[in-house]
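To start, the structure itself, in structure tokens.
We did not get these values from a lab; they are worked out from the coordinates using the rules stated. Predicted, not measured: the structure shown is a model, and the values here were computed from it. Here the Cβ positions follow ideal geometry from the backbone for every residue, glycine too, while neighbour counts run over all protein chains shown.
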Amino acid sequence: MHSATPDTSSPRIVLGVAGGIAAYKSVELLRRLRDAGYFVSPVLTRDATRFVGEVTFSALASEPARTSLYGDPTTPIPHTYLGQHADLIVVAPATAHLIARFAMGLADDLLSATLLASRAPVLLCPAMHTEMWEQPSVQENLAVLRRRGVLVMEPSTGPLAGGDVGAGRLPEPDDIFALVEHVIHGYRGPLSGRRLLISAGGTREAIDPVRVLSNRSSGRQGLALAEVAQRLGASVTLVSASSLDLALDVVRHVDVVHVESAAQMREELLERAEQNDAIIMAAAVSDFTVDPAPMKLKKDDGVPTLTLMATPDILSDLVARRRDGQVIVGFAAETNDVLANAVAKLQRKGVDLLVVNDVSAPGVGFEHSTNEVIILDKNAESSTVTLRSKEAISYEILTRVASLLNQGAP
Ligand code: CTP
């Protein structure tokens, strides 16, 4: 058997092409990559060849395009040959089916087997119809992959096949090419070198040693923010009142401080505020607390009367102590007159961004893995981020935080 390993020092890219209409754009991406001197090995799925010709890819690439695990004249095990020699695997377009196979660890064709047989960074560029893109199954598969370190380029919004318009378009080949260059030449995320302090979860106020006053926040949005922020290059401290973080990977990558009550959360945040470039208050802080009874309140002693006391507003305290250039983001949970209440809250709290949840809407906010938010900037300019995973929402928020930091806000 002769070795298939090429005699070249150029960075090696496996260009995976899955079966979607956007496959025609990957021809242009291939040309850009070749022009830049990369050694490109195309791998087309069987369905990709319904949309684009294998011959086209072979003619433009560094070696002939491959479409099958079997019958390769250069090597009997093309998936390990490709996977082990790759400096990067780019899949453009990545279809819902390919994403699902990768998330599940299936290896039923050359492209999915190559993805498994590699330790190289992977960049997925999903492209599909908006309905498919927004499916929780697709978003959850992507969330799993992101957690494992896979880079996912958000699709753009615009005309789709069949005359529809929406999210799900494959980004332009030039934009994919620019991201490939970033990854190959040492990925520095937009938050590289920044320190972020993030709060998560619903605080719990003790009534007695057994009972608590709390709220419905699961902490998922705050945890997703912490995880995505560190993936974008930030050093993250997470002050968490959520118990979910114990089950998630996030604790391995970020510094987690566990708290229970609003008072503890306030103390931990204020102590760390000064050292951080940005603070994101995703926690649902109890607005009320009680003086806890030292021993369990017994039923037989009758129904107790709880006297509620207001807790300090941590966000306002953080804003009052804000250091120069520090970006502060608040969240707002609203159930009615959402925008009007949120604009009033934005002005009251003095934050740079306010992320507004209508927690009465389906699939949104507390206890869901998806969210839909309105982001208000300082001038109350609003933009809606439609229903998607909390990871994807985190990208939107953190991209804005990064650009505010770069502008030297406030
Ligand atoms: N917040 C805080 N300290 C509190 C209450 C809230 O820091 N004691 C923060 C939350 O983390 C969130 C923002 O303030 O970032 C808005 O929280 P929200 O509950 O929506 O608003 P409240 O200020 O509590 O006002 P209301 O409950 O009346 O809507």
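Only sites in a loop by DSSP and with at most 11 other Cβ atoms within 10 Å count here; which trypsin sites (Lys or Arg not before Pro) in region 266-302 make the cut? The partial results should precede the final answer.
Working: sites: Arg266, Arg272, Lys296, Lys298, Lys299; in loops: Lys296, Lys298.
Sites meeting the loop and neighbour criteria: Lys296, Lys298.
Taking amide H as placed 1.01 Å from N in the peptide plane, Phe331 has its amide H under 5 Å from the amide H of Met281, Val355, each at least 5 places away in sequence or on another chain.
Mind checking region 1-101 for chymotrypsin sites (Phe, Trp or Tyr not before Pro) that DSSP puts in a loop (not H, G, I, E or B) and that have at most 15 other Cβ atoms within 10 Å? Mind dumping the intermediate values first?
On the way: sites: Tyr24, Tyr38, Phe39, Phe51, Phe57, Tyr70, Tyr81; in loops: Tyr38, Tyr70.
Within region 1-101, the qualifying chymotrypsin sites (Phe, Trp or Tyr not before Pro) (loop, at most 15 other Cβ atoms within 10 Å) are Tyr70.
The value of relative contact order for region 12-184, using C-alpha pairs under 8 Å at least six residues apart, is 23 percent. Long hydrophobic helices in the chain: the complete DSSP H runs spanning 15 Å or more by Cα along their own axis with mean Kyte-Doolittle hydropathy of at least 0.0 are 173-184, 338-349, 390-407.
Take every DSSP beta bridge with both residues inside the chain and express the antiparallel ones as a percent of the total, to the nearest 5. Don't jump to the answer; show the numbers that get you there.
Numbers: 19 of 61 bridges.
Of those bridges, close to 30 percent are antiparallel.
Cβ-to-Cβ counts within 10 Å put Val43, Val285 in ascending order as Val285, Val43, the fewest first.
Distances between placed amide hydrogens fall under 5 Å for Gly166 paired with Gly158, Leu160, all partners being 5 or more residues away or on another chain.
Just from its helices, what would the mean residue ellipticity at 222 nm be for the chain, if runs of 4 or more DSSP H residues each count -39500 (n - 2.57) and the sum is divided by every residue, rounded to the nearest 500 deg cm²/dmol? Don't skip to the answer; put the middle values down first.
Details: 15 runs with 141 residues, N = 410.
One gets -10000 deg cm²/dmol as the mean residue ellipticity at 222 nm.
Amide H to amide H distances under 5 Å link Val212 with Ile207, where only residues 5 or more positions off or on other chains count and H is placed in the peptide plane. Straight-line reach from Lys299: taking Cα to Cα under 15 Å and skipping same-chain neighbours fewer than 8 places apart, the aspartates and glutamates in range are Asp208. For Lys378, the lysines whose Cα comes closer than 29 Å to its Cα, not counting residues fewer than 8 places off in the same chain, are Lys345, Lys349, Lys390.
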